[in-house]
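Data first, discussion second: the structure below is written as structure tokens.
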Amino acid sequence: IGRLFLEKGLLEEAEEEFRGILEKNPDYALAHEGLGRALFSRNKLREAENDFDRAIQLDPSLWQAHNLLGIIYDRKKEFKKASFHYQKAITLQPNLGILYNNLGMSLFLKGDYEASLQALIEGAKLDPNNKKINNNLALLLCKTGRFQDAFETFKRAGNEALAYYNIGSFYLIEKKYKEAIQSYQKAINAKPEFYVEAYEQMNKAKAALATSPL
């Protein structure tokens with residue numbers, strides 16, 4: 001019943017159900033994991049962390065608890081602990097691309113770009129149609145200067161116009177205004193109905209270029 005409440009998004013009811021189970025059986029690992037998930041979804045991260053820790057102490061095979069602990073530690077910027085739990089989850093579920101994505105983004109936030117790239121490439125291999133993984137991989141490829149590879153990866157996640165738009169947005173963030181303008185123009189040329197959004201961003205890049213020091 002608790003899991004059903006979770007699936008339906010009835011988080012308070014799920015929390016109540018799992019707490020009721022744990023009152024009767026405080027060492028029930030799945031109930032700790034379920035309670036952790038309910039608390040996590042309600043952004044009660046400290047309480048969720050405690051229940052996930054207890055869950056994996058009782059049953060180390062609970063990969064979702066490891067994965068969500070990784071996310072919690074990422075938010076706390078404790079990237080070493082986050083990577084540890086993602087790797088544990090991957091050991092338990094080696095064919096889930098999203099786990100490699102989560103590990104890759106944690107390594108990215110830590111600044112370990114090469115290891116991040118390898119994790120995201122593996123994730124994309126396992127789940128080639130996952131837009132989130134492909135977009136994150138493309139972002140990292142941009143960060144490491146591999147723009148043609150990034151373009152192809154963005155394109156795989158969307159289309160040609162969106163790929164040019166995303167590349168332009170990366171250039172804009174990096175304050176490479178000339179390159180941003182060129183990319184936004186290519187987005188417009190590739191898909192004229194994309195004009196309004198790309199044109200607005202292109203104007204931002206032009207305004208920034210006009211006021212930037214030489």
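The values are calculated or read from the model by the stated rules, or taken from the named source; none is laboratory data. Source: prediction; values computed, not measured. Using ideal geometry, Cβ is built from the backbone for each residue, glycine included, and neighbour counts are taken over all protein chains shown. Calculation scope for accessible area: heavy atoms of the full protein, side chains included, ligands and nucleic acids excluded. Shrake-Rupley method; radii C 1.70, N 1.55, O 1.52, S 1.80 Å.
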So, of the residues in the range 200-209 that are among the aliphatic types (A, V, I, L, M) and open to solvent by less than 40 Å² (accessible area, probe 1.4 Å), which turns out to be farthest from A161 (Cα to Cα)? A208
Members of the range 147-194 that are in a loop (DSSP other than H, G, I, E, B) and of a type in the set (D, E): E174
Answer from A119, A124 - the residue that is without any contact (Cβ under 8 Å) to a residue 24 or more places away in the chain, touching a Leu at 6+ places or on another chain (Cβ under 6 Å) and farther than 23 Å from E47 by Cα: A119
If I go through the range 13-36 residue by residue, how many of them are within 26 Å of the chain's Cα centre (by Cα) and open to solvent by 60 Å² or more (accessible area, probe 1.4 Å)? 1
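Yes or no: A161 among the aliphatic types (A, V, I, L, M) and open to solvent by 40 Å² or more (accessible area, probe 1.4 Å)? Walk me through how you get there before you give the answer.
Working: among the aliphatic types (A, V, I, L, M): yes; open to solvent by 40 Å² or more (accessible area, probe 1.4 Å): no.
Answer is no for this residue.
If I ask for residues that are without any contact (Cβ under 8 Å) to a residue 24 or more places away in the chain and not hydroxyl-bearing (S, T, Y), which ones from the range 81-113 would you list? Spell out how you get there, then give the answer.
Of the residues in the range 81-113, the ones without any contact (Cβ under 8 Å) to a residue 24 or more places away in the chain are 81, 84-87, 90-91, 94, 111-112.
Within the range 81-113, K81, F84, H85, Q87, I90, P94, G111, D112 meet the criteria.
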Would you confirm, using the coordinates I've provided, whether F151 is hydrophobic (A, V, I, L, M, F, W, C), out of contact with any Gly (no Cβ under 7 Å at 6 or more places or on another chain) and at pLDDT 90 or above? yes
Counted residues, the range 83-97 - those being in a helix (DSSP H, G or I) and farther than 13 Å from S116 by Cα: 8
Specify which of the listed residues (E197, E193, E152) is over 29 Å from K76 (Cα atoms), in contact (Cβ under 8 Å) with a residue 24 or more places away in the chain and surrounded by fewer than 17 Cβ atoms within 10 Å (Cβ to Cβ). E197
Would you confirm whether or not the range 74-83 contains a residue that is surrounded by fewer than 21 Cβ atoms within 10 Å (Cβ to Cβ), charged (D, E, K, R), more than 22 Å from G36 (Cβ to Cβ) and touching a helix residue (DSSP H, G or I) at 6+ places or on another chain (Cβ under 9 Å)? no
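If a residue has to be assigned to a helix (DSSP H, G or I) and either basic (K, R) or within 19 Å of F108 (Cβ to Cβ) (or both) to count, how many in the range 30-65 make the cut?
Kept after step one, since they are assigned to a helix (DSSP H, G or I), are these residues of the range 30-65: 30-41, 45-58, 63-65.
From what's left, either basic (K, R) or within 19 Å of F108 (Cβ to Cβ) (or both): 37, 46, 54.
Total meeting the criteria: 3.
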Hits in the range 84-115 - residues which are of a type in the set (F, W, Y) and either over 11 Å from L140 (Cα atoms) or surrounded by fewer than 17 Cβ atoms within 10 Å (Cβ to Cβ) (or both): F84, Y86, Y100, Y113
For the range 179-189, state whether one or more residues are buried (at least 21 other Cβ atoms within 10 Å of the Cβ), among the polar types (S, T, N, Q) and closer than 26 Å to I98 by Cβ. no
I'd like to verify a number: residues in the range 122-149 that are under 21 Å from I71 (Cβ atoms), of a type in the set (A, V, I, L, M) and open to solvent by less than 50 Å² (accessible area, probe 1.4 Å), how many? 4
